[in-house]
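Have a look at the structure below before the remarks.
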Amino acid sequence: MPHTILLTGAAGYIASHTWLALLDAGFDVVGVDDFSNASPVVLERLAELSGRTPDFVRADVGDAAALAAVFQSRRIDAVVHFAAFKAVGESTQKPLAYYRNNIGGLITVCETMRAHGCSRIVFSSSATVYGDPAELPIREHFPLSATNPYGQTKLIGETILRDLGASDPAWQTGCLRYFNPVGAHASGRIGEDPSGIPNNLMPYVAQVAVGRRARLSVYGNDYPTPDGTGVRDYIHVEDLAAGHVAALQRLLATPGSFTVNLGTGRGYSVLELVAAYAKASGREIPHDIVARRPGDIAACYADPALARELLGWEARHDLDRMCADSWRWQSMNPDGFKA
Ligand code: WQD
């Protein structure tokens, strides 16, 4: 009997790629999303790519009754909690909305799980919990800090799950600290589709390459890095999806909880990514060096050894593949999921 996994925020960028990876690994999946930051078209693409009608329920994870109905009508073996607002800048403007949705939603999910005898959860965390690291590469035991409400919601989410596990050993939690997710499914049929002006580098570069944006602003070239621009650990969303499958397989097979970095262990600068994207797309990426973005750090990349040790997982795709898959998605869907 296959295990059934509930994905919250299931129509989102990382969740939709994880959905396909779980089906490929022999899991059954039920998805929940309120489409507040994702398109219903994603479900059509999942059906096309998987050959199966997605088991989906439209609901807000803060709606306890709707969530309970999902658990009452299925045997859920584990949950992957993706549903959260994730824009750093927006979080400083709307802190209450971020705490209500990101923390309130997690609590509702955990309360509903407990009421239905489900005690395994994978939590979508972020390297942002490390703040500005004193040394590199980053290890899981490094000091944690948050410099914005979004980062605080990830830090608090991890604390809630740690305290839950300490209160009742039946709980098994897996916190996955994503570094910089990029790229798209190799088919080009699903990918990252930010609403409005992209905050993150690769989707912005992709929109310049496809002609939706005129020029890229490079936020500073006076950082203490090899070429002066910011260095980040970009990780292919397919590798990230595989990391979630491995995390669930461990939770289902081995007692205990864990927190691991999901990164490649390799940092690339803004200008290195721009050059790689130009090569992958065959397009010029016009750009200007401008002032640093407030709150940005110089460099951030993972030591992924613990994920390799505990999950038997490591990232396999390099920057060229990340750019090639991103470009295929962007060029095949210049306006994202908008019909
Ligand atoms: C990467 C680099 C920028 C845009 C954020 C969140 C983090 C996570 C991933 C959710 C930096 C530079 C960017 C642009 C640029 N999100 N840049 N021009 O800031 O590392 O992480 O997204 O979990 O929590 O903090 O990613 O892609 O925004 O920036 O020069 O138009 O690209 O300065 O050096 P970041 P990013």
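Look at region 288-312: where a residue is farther than 28 Å from Val274 by Cβ, no partner that is open to solvent by 50 Å² or more (accessible area, probe 1.4 Å) and of a type in the set (A, V, I, L, M, F, W, C) sits 6+ places away or on another chain with Cβ atoms under 6 Å. When each of Glu111, Glu90 is tested for being closer than 17 Å to Gly12 by Cβ and surrounded by fewer than 19 Cβ atoms within 10 Å (Cβ to Cβ), the lone residue that passes is Glu90.
Being hydroxyl-bearing (Ser, Thr, Tyr), modelled with pLDDT under 95 and open to solvent by 30 Å² or more (accessible area, probe 1.4 Å), is that true of even one residue in region 193-215? First the steps, then the outcome.
At the first step, the residues of region 193-215 found to be hydroxyl-bearing (Ser, Thr, Tyr) are 195, 204.
Filter again for modelled with pLDDT under 95, leaving 195.
Add one more test, that the residue is open to solvent by 30 Å² or more (accessible area, probe 1.4 Å), and what stays is 195.
So far as region 193-215 goes, yes, one or more of its residues are hydroxyl-bearing (Ser, Thr, Tyr), modelled with pLDDT under 95 and open to solvent by 30 Å² or more (accessible area, probe 1.4 Å).
Scanning region 275-294 for residues that are among the basic types (Lys, Arg) and within 10 Å of the ligand (Cβ to nearest atom), we see that the one that is least open to solvent (accessible area, probe 1.4 Å) is Arg293. Tallying residues that are touching a strand residue (DSSP E or B) at 6+ places or on another chain (Cβ under 6 Å), in a loop (DSSP other than H, G, I, E, B) and more than 21 Å from Tyr204 (Cα to Cα) within region 264-302 yields 2.
Hey, can you tell me all the residues within region 67-95 that are touching a residue at least 24 places away in the same chain (Cβ under 8 Å), over 28 Å from Thr128 (Cα atoms) and not basic (Lys, Arg)? Within region 67-95, Leu67, Ala68, Val70, Phe71, Gln72, Ile76, Asp77 qualify. Taking the numbered list (1) touching a Leu at 6+ places or on another chain (Cβ under 9 Å); (2) surrounded by fewer than 19 Cβ atoms within 10 Å (Cβ to Cβ) in turn, Trp313 passes all entries but (2). Taken over region 260-270, the criterion of being farther than 20 Å from Gln330 by Cα, within 12 Å of the ligand (Cβ to nearest atom) and not aromatic (Phe, Trp, Tyr) is satisfied by Leu262, Gly263, Gly267, Ser269. Could you tell me which residue of region 21-40 is most open to solvent (accessible area, probe 1.4 Å), considering only residues that are touching a strand residue (DSSP E or B) at 6+ places or on another chain (Cβ under 8 Å) and either of a type in the set (Ser, Thr, Tyr) or assigned to a strand (DSSP E or B) (or both)? Going through the qualifying residues, I end up with Asp28.
The values are calculated or read from the model by the stated rules, or taken from the named source; none is laboratory data. None of the values given here were measured: they were computed from a predicted structure. Cβ sites come from the backbone with ideal geometry, for glycine too, and all protein chains shown count toward neighbours. In case anyone asks, the SASA skips ligands and DNA or RNA and just uses the protein heavy atoms, side chains included. Shrake-Rupley method; radii C 1.70, N 1.55, O 1.52, S 1.80 Å.
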